[in-house]
Each structure stands twice: as structure tokens, then as C-alpha cells.
Amino acid sequence: MNILIIGAGNMGGTYAKSFLASHFATPEELYILEKYPVSQKQFPELLLENIHQQPGAFIGEADIVVI
């Protein structure tokens, strides 16, 4: 199940980390869309290619979207 989180601020970051910590999603299933650059230090558990600044084809693959 693919999860897209729009925004990587306080709430978006908390959702991402919680989904990963609870094993609700794997790093491969979690995508973040954030218009500002996000460093790998913010999300060391995530693959850098799962953090996007522009919408793309990955949006169509999302089963759940968190805004």
C-alpha cells in the first residue's frame, strides 16, 4: 500500500516517522511531496528518491494521501 504525504513540515514529518516506526508502511511505500528541499537528515529512514519537490507519476500510485 503506497502512502503519499503532502508537506514535510511538523505534521507531515510526524506522520511519516510514525508510519515507519509502527511498520504501517515501509520506506519503499512512503512518498513525500514537499515544495522546499528536504535533507536526508530529516528522514534518514526514507530513500531519497521517495522525496519529491514536483508532482509526478508517483501520485497515481498512492493508495492513501495525507494532506
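The values are calculated or read from the model by the stated rules, or taken from the named source; none is laboratory data. As the structure is a computational prediction, the values presented were derived from the model and not from experiment. Here the Cβ is made from the backbone with ideal geometry for all residues, glycine too, and neighbour counts use every protein chain on show. In case anyone asks, the SASA skips ligands and DNA or RNA and just uses the protein heavy atoms, side chains included. Shrake-Rupley method; radii C 1.70, N 1.55, O 1.52, S 1.80 Å.
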Rounded to the nearest 500, the 222 nm mean residue ellipticity computed for the chain from DSSP H runs (n ≥ 4, each -39500 (n - 2.57)) alone is -5500 deg cm²/dmol
Distance in nm between Glu49 and Ser18 label points, each 7 Å along Cα→Cβ, equals 2.9
In debye to the nearest 20, the charge dipole size for the chain, taken about the Cα centre with +1 at each Lys and Arg Cβ and -1 at each Asp and Glu Cβ, equals 280
Filtering trypsin sites (Lys or Arg not before Pro) in the chain by DSSP loop and by at most 15 other Cβ atoms within 10 Å leaves Lys35, Lys41
For segment 25-33, in residue order, the Karplus 3J(HN,Hα) values (coefficients 6.51, -1.76, 1.60; θ = phi - 60°; whole Hz; Gly and Pro = x) are 9, 8, x, 6, 9, 10, 10, 10, 10
In whole percent, the fraction of accessible protein surface over the chain that belongs to carbon or sulfur atoms, probe radius 1.4 Å, stands at 59
The long-range amide H neighbours of His52, using H built 1.01 Å from N in the peptide plane and a cut-off of under 5 Å, are Ile32, Leu33, Glu34
Expressed in angstrom, Rg and Dmax over the Cα atoms of the chain are 10.4, 28
Taking Cα pairs closer than 8 Å and at least 6 residues apart, the relative contact order of the chain in percent is 46
For the chain, dividing by residue count, accessible area per residue (probe 1.4 Å) in Å² works out to 63
Ranking Glu29, Glu49 from most to least accessible area with a 1.4 Å probe gives Glu49, Glu29
From highest to lowest solvent-accessible area (probe 1.4 Å; ligands, DNA and RNA excluded), Tyr31, Tyr15, Tyr36 read Tyr36, Tyr15, Tyr31
Simple spin-label estimate for Phe58/Lys41, 7 Å along Cα→Cβ, in nm, reads 2.1
